[in-house]
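To start, the structure itself, in structure tokens.
The numbers here are math on the coordinates, done by the rules we state, and not lab data. Note that the coordinates shown come from a computational prediction; the quantities given were computed from them, not determined experimentally. With ideal geometry, Cβ positions are generated from the backbone for all residues, glycine too; neighbour counts draw on all protein chains shown.
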């Protein structure tokens, strides 16, 4: 086990797979501009390339390379830049296997950071996860720890489908234990970050850490929250969430996205339909307020969910007992 | 660099393939009247572009790949796909090339190198470049054919991809079939080069690659021009933009209508929208099929009787395809949930 920052763990996952499989490519803007770039040095410019600022072509090229048998990883930096090429992400990559009647596979990874609420204002701070999660054929990964960042990246590269790999920019320098050697984390398997019997909190990415901080404070009052991190939202481990709700009877969903563009809204719908009998009170969603993320620091903090709002959400969920 | 001319035998093969594409498209078109309701959605025919399609693929080798658009019936037929499976796909049947999941706009036959077809204008162009990157890495001299229309050259995907393909010297041949219309918009109404009286192949200049315009009604001319582009690509010298000037003899597609309204092919836009019957009639007079037939008969490559025989054979083959496809059952409902993920 090594202590690694999140962003280095992501790179480790890519290295792990590039070493074992010569079909893995890594490319994007502003990387691999010199021979000293660690990926160029290790794998050469056949497999590692810098691109112009051309997201449509970058992702489209990844699709074609994947259909021809390679496994591209596209470095997109920010999830918003995928919006420039949304056709390729939503209406090209996940369609070809299906439309061809299973003749082609499109194994590729779109690596993008998100949620950078560090003064980046309105266009570089979004939490767009839910935009991707409902697209049949597209997998969506949201790691919250360095170990998962490595293991989920490796799994994403081995997966035979297009995968949107969303790493949270606020976690970039967070350190954590990362297993040495080959490390894979399965898709569709939630992790219980903190066990508890009184209330279930579901969160992804950076919000997992805020949920854990809130849970620790609540523990001081004798409230034991169970914090569940789905790790991948497509596929979504709904069974793990339903199991926890069956135990606690209360559900708080934390999401950095605005409510109607959130993953939490989708989980809420599923639990309301499939787990209604377990619920002792209405589901509570703690999401971003319905606004573009503002630049000014206090306003930014006001818009996105924080520890206090999560604690308030838990209290509301527990008060609403029926 | 000059490309070796096609042998007489190969020229007859070209004509045969042109006939097969024409007869296939005629069969698709006839289905609208003979079997209403069998074809759903939107189909786009390649009649008029046969010389360009076949002339482009004369030097296709195993290991090469081709990608195209929603107007995609011609290429797989030339590459060896079974017209029965193609027609069954267009009819949404279980024996379809893509198990009925793709339909007319998304014919795919990976075994024959026909890798994919995007229904979104221009969106498939980078896919071809990606496949060409794979070919470049594999270093077996394989190339990728990228077919699209003039309309696609106004998409960002076209410009972004040509830039990267040239920069990386990818082994790809960009074949732009310029049929003079973006659906119902004349090229000169939407293209600055066309409006200025320039060929669309000048767009290649911006990306430091050769750009050539060719008469897409002459398969031998297309063979020569695309052949040179192929040699360039196989030699590692990068892509070429070929503007192949064709005239689409049918309307852009069948009428767009909700269920219950019988679908059919309307008159060509030249007449229906612009009232320019002369233009359309001139195009009919220049139809590449009788034109190439004349060329072959004049050169002695083919007798009139043999040419008729080839046409009848192609027509019979496509009649069989229709009969097969009509009898093919619909896929099982559960198959709609297969192939979502690999």
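Here the stretch A:256-291 and the stretch A:29-76 have alpha carbon centers that stand 38 Å from each other. When both the stretch B:53-82 and the stretch B:179-225 are represented by their alpha-carbon centers, they are found 20 Å apart.
How many percent of the alpha carbon pairs in the stretch B:17-75 exceed a separation of 20 Å?
On the way: 560 of 1711 pairs.
Counting pairs separated by more than 20 Å, the tail of P(r) holds 33 percent.
Of the residues A:203, A:257, A:65, the one that moves most in a GNM of chain A with alpha-carbon contacts below 10 Å is A:65.
Working from label points 7 Å from Cα in the Cα-to-Cβ sense, the residue A:91 to residue B:33 distance is 3.4 nm.
Seen against the Cα atoms of chain A and their longest principal axis, helix A:206-219 is set at about 20 degrees. GNM on chain B, alpha-carbon springs under 10 angstrom: the most fluctuating residue among B:196, B:307, B:85 is B:196. Between the alpha-carbon centers of the stretch A:158-182 and the stretch B:242-314, tell me the distance in whole angstrom. Centre-to-centre (Cα) distance: 55 Å. Please list, in order, the residues from the stretch A:1-17 whose amide nitrogen is less than 17 Å from a point placed 7 Å along the Cα→Cβ vector of residue A:177. Under 17 Å, as judged by backbone N against the label point of residue A:177, lie A:1-6, A:9 of the stretch A:1-17. The C-alpha atoms of chain A define a longest principal axis, and helix A:55-67 lies at about 80 degrees to it.
Tell me what chain B gives for mean residue ellipticity at 222 nm when only DSSP H runs of n ≥ 4 count, each as -39,500 (n - 2.57), the sum divided by the residue total, rounded to 500 deg cm²/dmol.
On the way: 13 runs with 147 residues, N = 342.
-13000 deg cm²/dmol, from helical runs alone.
The calculated FRET efficiency for residue B:2 paired with residue A:292, based on their beta-carbon distance and R0 = 51 Å, is about 0.25. By the beta-carbon count within 10 Å of each Cβ, the least crowded to most crowded order of A:78, A:67, A:207, B:18, fewest first, is A:78, B:18, A:67, A:207. Counted over chain B, the DSSP beta bridges are approximately 10% antiparallel. Taking 0.36 nm per residue of separation and subtracting the Cα-Cα distance, full extension of the segment from residue B:167 to residue B:184 would add 2.7 nm.
The share of alpha-carbon pairs in the protein assembly as shown lying farther apart than 33 Å comes to 53%.
The equivalent ellipsoid that matches the C-alpha gyration tensor of chain B spans semi-axes of 29, 24, 22 angstrom, in descending order.
Between residue A:36 and residue A:121, the FRET efficiency estimated from the beta carbon spacing at R0 = 35 angstrom works out to 0.55. Peptide B:135-143 has a mean of 2 when you count, residue by residue, the C-beta atoms of other protein chains within 10 Å of its C-beta.
Fewest to most neighbouring Cβ within 10 Å: what's the order for B:205, B:245?
Values: B:205 13, B:245 20.
Exposure proxy ranking, most exposed first: B:205, B:245.
Let me know the whole percent of all Cα-Cα pairs from chain A that are separated by more than 38 Å. Could the numbers behind the result be given before it?
Numbers: 7356 of 51681 pairs.
For chain A, the fraction of Cα-Cα distances above 38 Å is 14 percent.
Each listed q (0.19 Å⁻¹) maps to a log10 I(q)/I(0) for the stretch A:2-178 from the Debye sum over equal C-alpha point scatterers, namely -1.34.
Between residue B:206 and residue A:301, what FRET efficiency comes out of the Förster formula 1/(1 + (r/R0)^6) with R0 = 45 Å and r the beta carbon distance, rounded to 0.05? If you can, show how the numbers build up before the last one.
Working: r = 47 Å, r/R0 = 1.04.
Efficiency, from the Cβ-Cβ distance: 0.45.
Largest first, the extents of the alpha carbon coordinates of the stretch A:191-319 on the three principal axes equal 42, 34, 25 Å.
Here the residues B:106, B:159, B:73, ranked from fewest to most Cβ neighbours within 10 Å of their Cβ, fall in the order B:159, B:106, B:73. The long axis of helix A:263-274 is offset from the longest Cα principal axis of chain A by roughly 60 degrees. When chain B is treated as a GNM, springs tying every alpha-carbon pair under 10 Å, which of B:284, B:107, B:200 comes out with the largest mean-square fluctuation? Comparing B:284, B:107, B:200 in a Gaussian network model of chain B, the most mobile one is B:284.
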